[in-house]
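Each remark here refers to the structure printed beneath this line.
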Amino acid sequence: MTLLLLDASSLAYRAYHAIPELTAPDGKTKTNAVHGFLNFLARLITDRMPSRLMVALDDDWRPAFRVDVLPTYKTHRVAEAGESKDEVEPQIEIVCEVLEAMGIAIASAKGYEAEDAIAAIVTRESGRMEIVTGDRDLFALVRDPEVRVLYTLRGVSELAVVDEGYVAKTYGIPGDRYLDYAILRGDPSDGLPGVRGIGEKSAAELVRRYGSLEGILAAKDLSPSIRAKLAVSGDYLDAARRVVAPQRDSPVEVGDGNLPRRARHPDQLKALADRYRIGSPIDRVLKAIGTLPA
């Protein structure tokens, strides 16, 4: 019995880049991310055979509570004047319409990102859970033997199964300490500078030796150079510890995740299929659900 949790934004952007440009019959509405996401979904259902499924959305991809503490958070993703419009966000809205018509559970938390919604679900649920994402931040939620991440390497045909053993082997740190490592190392894709002068190797060595970020900061035997680097980055470290972690207490709203045996709103689903010319991927999802044990 497995609860499958999908990071919708991560998968939609991956789908957008994996599928050649497609448009709806109106000749203007882009649908390649829609096609790709639904095909991904069908493949995941077939391969993972989940007992329940929830698709998590960003309510706010750059929440105020994170930006207020760390203004650099995802600044490079903010569209500048004259920059082309994001072509994926409107397609995620179409995906949501399709999921709602099918009766597939959508999870979100007002004012929070999808990773926060997933973290809250993982915290309140029990049993086996698999999180499908291309975002390494969610490695922080891995908990053997119940919770693991299926990290997208190529589409969803190639997934790295991330458990505590994977984290330990890949990064050379305790399997439940990815968050501490990520804070020290930083992540330019999220606007997290990390501690200047401490790269991946040094971050891993420190976490491995002292067990946690708190242990590192409290250590009495740090070298003068490392202590100086941490001191210079003190403000960043204080902010990052409040910003980086997925928020397990986010006010997530979601249904029970039970997969429907038939579309909840078949007429609406047919209208969406015709409007956007997405009948084939919709049929693949429905067929995949139909193969699951009753």
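The values are calculated or read from the model by the stated rules, or taken from the named source; none is laboratory data. This is a predicted model, so every value here is computed, not measured. Cβ: placed from backbone, ideal geometry, glycine included. Neighbour counts: every protein chain shown.
A few remarks follow.
Okay, residues lined up against (1) buried (at least 21 other Cβ atoms within 10 Å of the Cβ); (2) in contact with a strand residue (DSSP E or B) (Cβ under 7 Å, 6 or more places away or on another chain); (3) hydrophobic (A, V, I, L, M, F, W, C); (4) not in a helix (DSSP H, G or I):
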position	(1), (2), (3), (4)
L6	yes, yes, yes, yes
H17	no, no, no, no
P20	no, no, no, yes
V34	yes, no, yes, no
R43	no, no, no, no
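- Assessment of the range 123-137 against the conditions (under 25 Å from H265 (Cα atoms) and under 18 Å from the mean Cα position of the chain (by Cα)) yields no matching residue.
One line per residue, one yes/no per condition, for (1) over 28 Å from L6 (Cα atoms); (2) in the same structural domain as T123 (by TED's automatic domain parsing):
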residue: L184; (1), (2): no, no
residue: D190; (1), (2): no, no
residue: A203; (1), (2): yes, no
residue: E214; (1), (2): yes, no
residue: L222; (1), (2): yes, no
residue: D238; (1), (2): yes, no
residue: R261; (1), (2): no, yes
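- Residue match in the range 222-236 (condition: closer than 26 Å to Y166 by Cα and surrounded by 13 or more Cβ atoms within 10 Å (Cβ to Cβ)): no
- If the condition is being exposed (fewer than 12 other Cβ atoms within 10 Å of the Cβ) and at pLDDT below 95, then the range 257-289 contributes R261, R262.
- Of residues in the range 16-35 being in contact (Cβ under 8 Å) with a residue 40 or more places away in the chain and among the small types (G, A, S), the one farthest from Q91 (Cα to Cα): A18
- Tally, over the range 220-272, of residues that are touching a Pro at 6+ places or on another chain (Cβ under 9 Å) and within 19 Å of A288 (Cα to Cα): 2
- Residues being free of Cβ contacts under 8 Å to residues at least 40 places away in the same chain and part of a strand (DSSP E or B) - total across the range 45-70: 0
- Elements of type helices (runs of 4 or more DSSP H) contained in the range 178-229, each with 1 or more residues being under 27 Å from the mean Cα position of the chain (by Cα), modelled with pLDDT of 95 or more and of a type in the set (K, R): 200-210
- For D47, the conditions (1) within 18 Å of L272 (Cβ to Cβ); (2) of a type outside the set (F, W, Y); (3) surrounded by fewer than 18 Cβ atoms within 10 Å (Cβ to Cβ) are fulfilled apart from (1).
- For E164, the conditions (1) at pLDDT below 95; (2) touching a Gly at 6+ places or on another chain (Cβ under 7 Å) all hold with the exception of (1).
- Strands (runs of 3 or more DSSP E) completely within the range 72-172 that count 1 or more residues being among the acidic types (D, E) and buried (at least 16 other Cβ atoms within 10 Å of the Cβ): 128-133
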